[in-house]
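Read the structure below first, then the notes.
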Amino acid sequence: MPELPEVETTRRGLEPYLAGKRIVHAESRRARMLRRQPRDRDFADRLQGRRVIALRRQGKFLLFDVEGDLTWVTHLGMSGRMEVAEPGDPEAKHTNVVIRTADHEIRFVDPRTFGFMAVFTPEELAGSTIARLGPDALTDLPPSRALALRLEGRKPAIKSLLLDQRIVAGVGNIYGDEILHRARVAPGRPGGSLTFDEVKAIRRAIGPVLRAGLKYGGTSLQDLAYLLPDGRAGEYLDRLEVYGRDGEPCRRCGTAIRRSVISQRSSFWCPSCQS
DNA sequence: CCTCCATCCTGTGGGC
DNA sequence: TGCCCACAGGATGGAG
């Protein structure tokens, strides 16, 4: 999916079209997209006629405040994107949810349907996984000491722990590899084996890597599953140091980048720079 | 609590 | 061209 930079780019792209706007119509064309909504009819019922107050984000979740103390939640999953269109514009395949304001349509396009939408009451929100999300990796990064405590004694690879949204929210598979390369820590190292200096290096790498991704509008892979709300592709792909560069030379030292499988996900890393 | 792993989907690209 | 397999930006629930 879309990781933090892509989700934040999406949030910014939607803001002018949703902040302060009234929702006149909401419909889902695939029941699966509402699977987190306790009763799926609540989704349209709670949105229609209400105004969106503010667009927030925590980690990879979009959290839109809606009149009546409601939170409209979107997770883009692996292949989700949001489009801003005018009514009548041709629809992309897999347009699974459509939200209309007075003069625009917000379309949730998600081929793999790993994403979801829901409109939660405060109680429902408190009972959801969103309540268990760790601090946002961009806006709320905890100090190294706190991170070190969360890694202490942990057996899983640091790469897996970086992807654990309960520890820090927002890092995914691409930026996780980029962060570890910048911090010069090998992805397979057990979390509990890191020295405090290594934890500090990772902590220091998170902000710059995520901000660089954000600056270029995120990373659109070849399949273009992720696009900005206006339809443009993110431009960070060419700037990636390791992700997807299996066999290519490390830009720092020239050694061939390796691919390893860690927790059933690909990890790309430089065996000389990272140890 | 922790760790591991299968699972939910559709699309694409490579090898034969 | 067609077929089959591997793989893809994520999160979760259940087993142990």
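All of the numbers you see were taken from the coordinates with simple rules; none came from a lab. Fair warning: this is a prediction, and the values are worked out from it, not measured in the lab. Heads up, the Cβs are rebuilt from the backbone with ideal geometry, glycines too, and the neighbour counts pull from every protein chain shown.
For segment A:107-157, filtering for residues that are within 15 Å of DNA strand C (Cβ to nearest atom) and in a helix (DSSP H, G or I) leaves 7. Picking from residues in segment A:158-190 that are in a helix (DSSP H, G or I) and more than 16 Å from DNA strand C (Cβ to nearest atom), the one that is surrounded by the most Cβ atoms within 10 Å (Cβ to Cβ) is A:Ala183.
Residues being over 21 Å from the mean Cα position of the chain (by Cα) and in a loop (DSSP other than H, G, I, E, B): count how many of those fall in segment A:232-255. Don't jump to the end; show me each part of the working.
From segment A:232-255, those over 21 Å from the mean Cα position of the chain (by Cα) are A:245-255; that's our starting set.
Okay, now just the ones that are also in a loop (DSSP other than H, G, I, E, B), so A:245-248, A:250-255.
Number of matching residues: 10.
Hey, can you tell me all the residues within segment A:203-231 that are within 16 Å of DNA strand B (Cβ to nearest atom), surrounded by 20 or more Cβ atoms within 10 Å (Cβ to Cβ) and free of Cβ contacts under 8 Å to residues at least 60 places away in the same chain? Passing the criteria: only A:Ser220.
Residues that are surrounded by 13 or more Cβ atoms within 10 Å (Cβ to Cβ) and more than 22 Å from A:Asp45 (Cα to Cα) were ranked within segment A:85-106; the one that is nearest to DNA strand C (Cβ to nearest atom) is A:His94. Looking only at residues of segment A:134-149 that are without any contact (Cβ under 8 Å) to a residue 24 or more places away in the chain and within 16 Å of DNA strand B (Cβ to nearest atom), we find that the one that is surrounded by the fewest Cβ atoms within 10 Å (Cβ to Cβ) is A:Leu149.
In segment A:112-126, how many are surrounded by fewer than 16 Cβ atoms within 10 Å (Cβ to Cβ) and under 21 Å from the mean Cα position of the chain (by Cα)? Number of matching residues: 3.
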